[in-house]
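Below: the structure, in structure tokens.
The values are calculated or read from the model by the stated rules, or taken from the named source; none is laboratory data. In this text the structure is predicted, and so the values were computed from the model without any measurement. For neighbour counting, all protein chains shown are included, and Cβ atoms are generated from backbone atoms with ideal geometry for every residue, glycine included. Keep in mind that these areas ignore ligands, DNA and RNA; they rest on the heavy atoms of the full protein, side chains included. Shrake-Rupley method; radii C 1.70, N 1.55, O 1.52, S 1.80 Å.
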Amino acid sequence: MHLLLLTFCSLAVSASASTVSLTINHPQAKIPTSKNPAYSLSSWSYIDCGAAGDALLINSINISPDPALGKEITITASFNVNKVIEDGAYADVTVKLGLIKLLQKKFNICEELEKGYVGIKCPIEKGSYEISQTVKLPREIPRAKFSINARAYTVEDEDVLCTNVVVDFLPRSYVMGRVGL
């Protein structure tokens with residue numbers, strides 16, 4: 001789905017420059033519990049707040065290498081479409097910095113797919129999909145902690161997808177061990 005809405009408005013993820021692959025499996029419940037945990041890396045976390053009956057269920061998201069500002073990352077998403085997603089489907093995306101709303105925008109999913117070059121076009125038929133795209137994270141992303149809320153709906157206003165992401169671009173402090181006591 002245009003790489004899950006351009007990986008939540010290209011705020012994407014960040015951490016160290018080491019090569020790490022992150023896999024996120026789709027939980028079935030809406031609230032994080034021991035059976036439905038929030039998935040996180042040191043700089044970001046993801047909660048699938050969708051329901052089992054949604055039109056699109058995420059199987060996994062892989063990001064490699066571990067993202068850093070100004071670097072290229074490859075994002076691979078695997079998902080199942082359970083109901084045909086037709087032209088007119090849309091996503092409401094809100095990006096906040098603390099309590100400050102930076103962006104609230106409605107995206108036409110099919111138009112975004114046309115721009116994304118991921119090989120999927122509307123209508124999106126039922127079935128399993130895997131998409132992959134390489135993007136460069138801009139160096140200009142402010143060093144701050146963002147929350148991204150994305151809700152997608154069919155043209156009939158049925159749920160397609162629900163995600164909550166926290167992205168932390170704050171510099172990491174290093175914990176120094178004591179030498180000699």
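Observations, loosely collected:
- Members of region 78-91 that are in contact with a Phe, Trp or Tyr (Cβ under 8 Å, 6 or more places away or on another chain) and either open to solvent by less than 30 Å² (accessible area, probe 1.4 Å) or closer than 25 Å to GLU140 by Cβ (or both): SER78, PHE79, VAL81, ALA89, ALA91
- Residue list for region 63-89, restricted to those being closer than 18 Å to GLY116 by Cα and among the polar types (S, T, N, Q): THR74, THR76, SER78
- Contact map, region 122-141: residues that are at positive phi paired with residues that are part of a strand (DSSP E or B), Cβ distance under 8 Å, separation 6+ or inter-chain. Pairs shown: GLY127/ASN80; GLY127/VAL81.
Residue-wise test of (1) at pLDDT 75 or above; (2) farther than 20 Å from ILE148 by Cα.
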| position | (1), (2) |
| --- | --- |
| HIS26 | no, no |
| TYR39 | no, no |
| ALA51 | yes, no |
| ALA55 | yes, yes |
| ILE63 | no, no |
| ASP66 | no, no |
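- Among the candidates LYS115, LYS101, LYS136, the residue that is in contact with an Asp or Glu (Cβ under 8 Å, 6 or more places away or on another chain) and open to solvent by 100 Å² or more (accessible area, probe 1.4 Å) is uniquely LYS136.
- Inside region 123-132, residues that are open to solvent by 40 Å² or more (accessible area, probe 1.4 Å) and touching a helix residue (DSSP H, G or I) at 6+ places or on another chain (Cβ under 9 Å) make up a count of 2.
- Where a residue in region 36-52 is closer than 24 Å to LEU170 by Cβ and of a type in the set (Val, Ile, Thr) and its partner, wherever it lies, is assigned to a strand (DSSP E or B) and modelled with pLDDT of 85 or more, with Cβ under 6 Å and at least six apart: ILE47/ASN164
- Scanning region 83-121 for residues that are in a loop (DSSP other than H, G, I, E, B), without any contact (Cβ under 8 Å) to a residue 40 or more places away in the chain and not basic (Lys, Arg), we see that the one that is farthest from VAL160 (Cα to Cα) is LEU99.
- Looking across LYS106, LYS145, one residue alone is over 23 Å from SER64 (Cα atoms) and of a type in the set (Lys, Arg). It is LYS106.
- Subset tally (residues that are under 16 Å from the mean Cα position of the chain (by Cα) and either more than 16 Å from THR154 (Cα to Cα) or part of a strand (DSSP E or B) (or both)) for region 48-71: 15
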